[in-house]
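Have a look at the structure that comes next, please.
The values are calculated or read from the model by the stated rules, or taken from the named source; none is laboratory data. As the structure is a computational prediction, the values presented were derived from the model and not from experiment. As a convention, Cβ positions derive from the backbone with ideal geometry for all residues, glycine included, and neighbour counts pool all protein chains shown.
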Amino acid sequence: MNGTRPLWLLVAAALLGLWLYTDFGLLPTPYDLVLEPEREIPAPGSGTAFSVGDGVWMTARHVVNHCDGIGLVKNRRMVGIVDRVVHHETADLSLLFSHFSARPLPVAPPKQDPQRHERAFLIGYPAGAPGQFLAAQVEYREIERQGLPDGGFPVIVWAEQPAPPAGADYSGMSGGPVIDQNGFAVGVLVGSDNALGRIVATVPASLRDMTDSQAWNRGGAPVPNPLSADPADTGARLREENRVVEVYCHVERR
């Protein structure tokens, strides 16, 4: 019996280490995330967009699909009209081109991709109202969406921190940026599971597919201290600077 004591001590130490290292609230969920399909029948709606260049805005593809007109909105007032839309080949992403410009958010370089449990700042217009919060990275995974050419694309799942109250509504967050601790955009919000407080965002590589080597991509300035500052203050500043705006999808009556 005495000979097994070192083994038991080793097992106990391992379990203690696992308990200290693991945030069980951030463990991957045992189900397949399937997002809502893109609109096949034109219907009005709203989401979020953020500046990535001179008159160029990034959003989620499903926010601006099948729109007769797309407007950029601030404080319930139209500030810009979208002249052209370019979709990502596989991911749920779109670029919007407009005469309305703002200082861009820089996209994170390849060596700066989010790591396990790393925190980030998320911002958008949940339920049509300004909103922002911090979240922790849960996992990388593939996600399916009807209406995309290949049916799926890689995403990062984030968990709101602290956990949201019951009935949290993330609708309208789609298209908003995920901003890392260095102030760079590392994802675009494309879906959620309200019951678990999970938010789904594209991977940084998908953003770089659409921004790298583009003449209008001038880098922009990182967001100062997005994790150490008060989230409400950071959100208010980004909106006041027009770096994050609401997007409205207009559909004419048939």
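Can you go through Gly147, Gly152 and tell me which one is modelled with pLDDT under 90, surrounded by fewer than 19 Cβ atoms within 10 Å (Cβ to Cβ) and touching a Lys or Arg at 6+ places or on another chain (Cβ under 7 Å)?
Exactly one of Gly147, Gly152 is modelled with pLDDT under 90, surrounded by fewer than 19 Cβ atoms within 10 Å (Cβ to Cβ) and touching a Lys or Arg at 6+ places or on another chain (Cβ under 7 Å), namely Gly152.
Shifting gears a bit: Tell me which residues, restricted to segment 182-200, are touching a residue at least 60 places away in the same chain (Cβ under 8 Å) and out of contact with any Pro (no Cβ under 7 Å at 6 or more places or on another chain).
Leu189, Val190, Gly191, Asp193, Leu196, Arg198, Ile199, Val200
So if I check each of Arg77, Arg84, which one is modelled with pLDDT of 85 or more and surrounded by fewer than 10 Cβ atoms within 10 Å (Cβ to Cβ)?
Arg77
Report yes if some residue within segment 127-136 is under 24 Å from Gly45 (Cβ atoms) and part of a loop (DSSP other than H, G, I, E, B); otherwise report no.
Yes, segment 127-136 contains a residue that is under 24 Å from Gly45 (Cβ atoms) and part of a loop (DSSP other than H, G, I, E, B).
Cβ-Cβ distance below 8 Å, separation of 6 or more or different chains: which pairs start in segment 94-111 with a residue that is over 20 Å from Gly47 (Cα atoms) and end on one that is surrounded by fewer than 18 Cβ atoms within 10 Å (Cβ to Cβ) and among the aliphatic types (A, V, I, L, M)?
Within 8 Å, the pairs are Pro106/Ala221; Pro110/Ala205.
What pairs come up if the first residue lies in segment 115-140 and is over 15 Å from Ala236 (Cβ atoms), the second is surrounded by 23 or more Cβ atoms within 10 Å (Cβ to Cβ) and among the charged types (D, E, K, R), and their beta carbons are under 9 Å apart, counting only those six or more places apart or on different chains?
Glu118/Asp180; Arg119/Asp180; Ala120/Asp180; Gly128/Glu246
Test Met210 against the criterion of being under 11 Å from the mean Cα position of the chain (by Cα) and on the phi < 0 side of the Ramachandran plot, and give yes or no.
No.
Could you check segment 87-100 and list, in sequence order, the residues that are modelled with pLDDT under 95 and either surrounded by fewer than 20 Cβ atoms within 10 Å (Cβ to Cβ) or of a type in the set (Lys, Arg) (or both)?
Hits for segment 87-100 are His87, Glu89, Thr90.
Only one residue in Arg243, Arg253, Arg237 is surrounded by fewer than 18 Cβ atoms within 10 Å (Cβ to Cβ), under 19 Å from the mean Cα position of the chain (by Cα) and either over 12 Å from Ala102 (Cβ atoms) or not aliphatic (A, V, I, L, M) (or both). Which one?
The match here is Arg237.
Now for a different question. Against the condition of a type in the set (Lys, Arg) and out of contact with any Ser or Thr (no Cβ under 8 Å at 6 or more places or on another chain), how does Arg119 come out, does it pass?
When the stated conditions are applied, Arg119 passes them.
Please determine, by comparing only the residues of segment 223-234 that are more than 16 Å from the chain's Cα centre (by Cα) and outside any helix (DSSP H, G or I), which one is nearest to Phe50 (Cα to Cα).
Once the filter is applied, the top-ranked residue is Pro224.
What single numbered condition from (1) under 23 Å from Arg208 (Cβ atoms); (2) in contact with a strand residue (DSSP E or B) (Cβ under 8 Å, 6 or more places away or on another chain); (3) part of a loop (DSSP other than H, G, I, E, B); (4) of a type outside the set (Phe, Trp, Tyr) fails to hold for Cys67?
(1)
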